[in-house]
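Only one structure is covered here, and it is reproduced in the block below.
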Amino acid sequence: MGLLDVVAIAAGRITRRAVLTLRPGGATAIPGRVVERLSPGLLGRILSQPRLVVVSGSSGKGTTTKMLVAILEAHGLDLFTNKYAGNITRGMLSELLRVVDWRGRFPHEWAVMEMDEGYSALTTEKARAEVTVLINVMVDQVHRWGQPERVAAYLERTARQTTGTLVVNREDPQLRRVVSRLPERGAQLRTFGVSAEVQSSLRHGLGSAPDFAEGEARMPDPVAESVVVGYGGSTATVELSSADGAGPATLVDVELPSRGIHLAVDSAAALEGARAILGDRFDPQVAAAALADAPVVFGRGERARVRGEVAEFVLAKSPTASQVNVDALEPGTAQIAVVMGKDIPDPSLLWLIDWTPVGRAAIVGGMQAWDAALRLGYDEVEIDAIEEDVEIATDRFFALPAPAAGGGVKTVLYSAEGMRRMRRHLGLFDADTETIRTDAPASGSSVATTEDGDDA
């Protein structure tokens, strides 16, 4: 670390104190932007110190990172993670300012970092990951990427720079293509996925972008894999292959933080990532217990107490992710707010989602409220009110009496910009907000061993 790094860290910390004084809250990327301007290569120099784990992909990387960290910490690993989901350079730097000393020295053995798809490729050119977990490639942020193949190209760069183990979603066509192009002597391959039986029960599938390239993408055999073989809304059963592939498989019953097949996939990714990192130290019972207590990524399937009532916040990040979350709504959900902000650059994206499960919206808010209301109307969703101002829409929604059905829980479906504005208005500043998990199944989490995949 040089003098410029010392100056940049000091400036970043001063900026952070100033920003948090003017605008209270736990997450801001402004200090990281200052550091990045003063010392552009500092992030790479910091992340070169610990053993680095990178989690990336179009959707689910934040939740997967939370789950993975919970498992690793339960096994006693000394680690840091970007818990506020700052996953580009300035965001990661802002979070790292909390832990590095004035010279930029990193105090932990491991860094488990959620990274944006594009920035993961750039960052790992400076600090190579020992383990990389790739979640998926979806039709997401088309205004930014243009096409999913560009996202796959960035993730391929990240994969090529991985020194130890690559953990990949075997069900994702684009990622299968990525793996098929990697050198034979590259990182060790592990996979996670979903059984054909579970996939056949899904209304809209898993949502990955198709692969239109010519020729079949052939993946080499993985050394191990974790597969979702059972799914029941807020619970899942994941089958873990034996370490050598010859012994009996292990079934892990997982309590998910909320409903949705995407969370089951994330749990399988976290379990396989943990097995790659921990090796023989991995204990499935410890992992199952850790997942049962894993914190929800704030604003994404999170239940929080708001103004004396319980509300569930669900992020509608992209058409595919939104569809999964809409499909996961419990039948009879009585009071729903839909908030679509200015981060929806093209309202036609709303037409890629089947909104039928919403049934009735108490209010539709945000800059794209009228376009969203039009789309919901075509799916015969009843709408009680429309309000473009997010703060006013928030106050009107939470002033409504708690619904009699659904345990009195209010539900918010919002885009990322709607999430930021609503959370700030409600005083839900950071990832440490009191959260209330979805009711756990009576049986709890469990672990069983099977022979040749037979039911235990």
Across (1) in contact (Cβ under 8 Å) with a residue 40 or more places away in the chain; (2) among the acidic types (D, E); (3) surrounded by fewer than 17 Cβ atoms within 10 Å (Cβ to Cβ), E114 clears everything bar (3)
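The rows are residues; the columns are (1) at pLDDT 95 or above; (2) surrounded by 19 or more Cβ atoms within 10 Å (Cβ to Cβ).
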{"residue": "A8", "(1), (2)": "yes, yes"}
{"residue": "A18", "(1), (2)": "no, no"}
{"residue": "T21", "(1), (2)": "no, no"}
{"residue": "G26", "(1), (2)": "no, no"}
{"residue": "I30", "(1), (2)": "no, no"}
{"residue": "R37", "(1), (2)": "yes, no"}
Name every residue in the range 187-212 that is on the phi > 0 side of the Ramachandran plot and free of Cβ contacts under 8 Å to residues at least 40 places away in the same chain, in order of residue number.
G205
Name the residue that is nearest to S58 (Cα to Cα), counting only residues in the range 173-220 that are among the charged types (D, E, K, R) and assigned to a loop (DSSP other than H, G, I, E, B).
D211
Checking F313 against (1) under 20 Å from G86 (Cβ atoms); (2) of a type outside the set (G, A, S); (3) buried (at least 24 other Cβ atoms within 10 Å of the Cβ); (4) in contact with a Ser or Thr (Cβ under 7 Å, 6 or more places away or on another chain): exactly one of these is not met. Which one?
(4)
Just give me the residues in the range 418-446 being surrounded by 13 or more Cβ atoms within 10 Å (Cβ to Cβ) and modelled with pLDDT under 70, in sequence order.
F429, D430, A431, T433, T435, I436, R437, T438, A440, P441, S445, S446
Looking only at the range 318-340, which residues are modelled with pLDDT under 90 and either more than 19 Å from the chain's Cα centre (by Cα) or assigned to a loop (DSSP other than H, G, I, E, B) (or both)?
S318, A328, L329, E330, P331, G332, T333, A334
Condition set within 13 Å of V178 (Cα to Cα) and of a type in the set (S, T, Y), scope the range 117-160, selection surrounded by the fewest Cβ atoms within 10 Å (Cβ to Cβ): answer is Y154
So, in the range 271-293, how many residues would count as being over 20 Å from the mean Cα position of the chain (by Cα) and not in a helix (DSSP H, G or I)?
2
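For (1) in contact with a helix residue (DSSP H, G or I) (Cβ under 8 Å, 6 or more places away or on another chain); (2) assigned by TED's automatic domain parsing to the domain that holds L202; (3) of a type in the set (D, E); (4) not in a loop (DSSP other than H, G, I, E, B), each residue gets a yes or a no:
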| residue | (1), (2), (3), (4) |
| --- | --- |
| K342 | yes, no, no, no |
| P345 | yes, no, no, no |
| V364 | yes, no, no, yes |
| R375 | yes, no, no, yes |
| I392 | no, no, no, yes |
Just one of the numbered conditions (1) at pLDDT 95 or above; (2) part of a loop (DSSP other than H, G, I, E, B) is not true of M138; which one?
(1)
Filtering the range 265-307 down to residues that are more than 24 Å from L52 (Cα to Cα), at pLDDT below 95 and touching a Ser or Thr at 6+ places or on another chain (Cβ under 9 Å) yields A292, R300, G301, E302, R303, A304, R305
Taking into account only those residues within the range 400-417 that are of a type in the set (A, V, I, L, M, F, W, C) and assigned to a loop (DSSP other than H, G, I, E, B), which is surrounded by the fewest Cβ atoms within 10 Å (Cβ to Cβ)?
A404
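The values are calculated or read from the model by the stated rules, or taken from the named source; none is laboratory data. What you are looking at is a predicted structure, and each value in this text was computed from that prediction instead of being measured. Don't worry about glycine lacking a Cβ; one is built from the backbone with ideal geometry, like all the others, and counts go over all protein chains shown.
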